[in-house]
């Protein structure tokens, strides 16, 4: 290929920088998802039908879900209303396929099973209640986490499992 074109004045190139900020990309995607980017319509409210997406709520198992999933940790002081809000955010997210509530007891049982040699020295109260959300695609992980990144009352953290792709 020949030298690059220089139609634009010096210093005012229209080319994108080689490393766009990942946060900006995630924020833009989350904004589009939350804004519900749809076109204008001439139908009235009576003519419009809405279909509300709902992920399946499943019973958690002793083993964590296989593959990629998101863990949302609840705070110790989370109220029932806050817990319900977190569950609603997960279940109504189109990027989520399955949601499971993991109690402190089950989290401790999982830990004992994986690390029996150190389980006796870990206090049972160290494990918070949490939700596990299985994404529709690996790419949906970032949109799920971005919902909680803006600050949702009743949670302490939301993170992808080790099987999820890293940015």
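Annotation for region 107-119: no member residue is in contact (Cβ under 8 Å) with a residue 12 or more places away in the chain and not in a helix (DSSP H, G or I).
Scanning region 79-106 for residues that are in a loop (DSSP other than H, G, I, E, B) and out of contact with any strand residue (DSSP E or B) (no Cβ under 7 Å at 6 or more places or on another chain) returns 79, 92, 93, 94, 103. Restricting attention to region 99-116, the residues that are out of contact with any helix residue (DSSP H, G or I) (no Cβ under 8 Å at 6 or more places or on another chain) and more than 19 Å from residue 75 (Cα to Cα) total 6. In this structure, residue 111 does satisfy being surrounded by fewer than 19 Cβ atoms within 10 Å (Cβ to Cβ) and over 24 Å from residue 56 (Cα atoms).
Residue by residue, here is whether (1) surrounded by fewer than 19 Cβ atoms within 10 Å (Cβ to Cβ); (2) modelled with pLDDT under 95; (3) more than 19 Å from residue 77 (Cβ to Cβ) holds:
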{"position": "97", "(1), (2), (3)": "yes, no, yes"}
{"position": "118", "(1), (2), (3)": "yes, yes, yes"}
{"position": "124", "(1), (2), (3)": "yes, yes, no"}
{"position": "127", "(1), (2), (3)": "no, yes, no"}
{"position": "130", "(1), (2), (3)": "no, no, no"}
{"position": "142", "(1), (2), (3)": "no, yes, yes"}
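Can you name every residue in region 65-78 that is outside any strand (DSSP E or B) and either surrounded by fewer than 16 Cβ atoms within 10 Å (Cβ to Cβ) or touching a helix residue (DSSP H, G or I) at 6+ places or on another chain (Cβ under 7 Å) (or both)? Answer for region 65-78, where residues must be outside any strand (DSSP E or B) and either surrounded by fewer than 16 Cβ atoms within 10 Å (Cβ to Cβ) or touching a helix residue (DSSP H, G or I) at 6+ places or on another chain (Cβ under 7 Å) (or both): 66, 67, 68, 75, 76, 77.
In region 54-64, which residues are farther than 19 Å from residue 106 by Cα and touching a helix residue (DSSP H, G or I) at 6+ places or on another chain (Cβ under 8 Å)? Across region 54-64, the qualifying residues are 54, 55. Of the residues making up region 144-159, those that are more than 10 Å from the chain's Cα centre (by Cα) and either surrounded by 13 or more Cβ atoms within 10 Å (Cβ to Cβ) or not in a loop (DSSP other than H, G, I, E, B) (or both) are 152, 154, 155, 156, 157.
The values are calculated or read from the model by the stated rules, or taken from the named source; none is laboratory data. Computed from a predicted structure; not experimentally measured. Ideal geometry is used to build each Cβ from the backbone, glycine not excepted, and the neighbour counts take in all protein chains shown.
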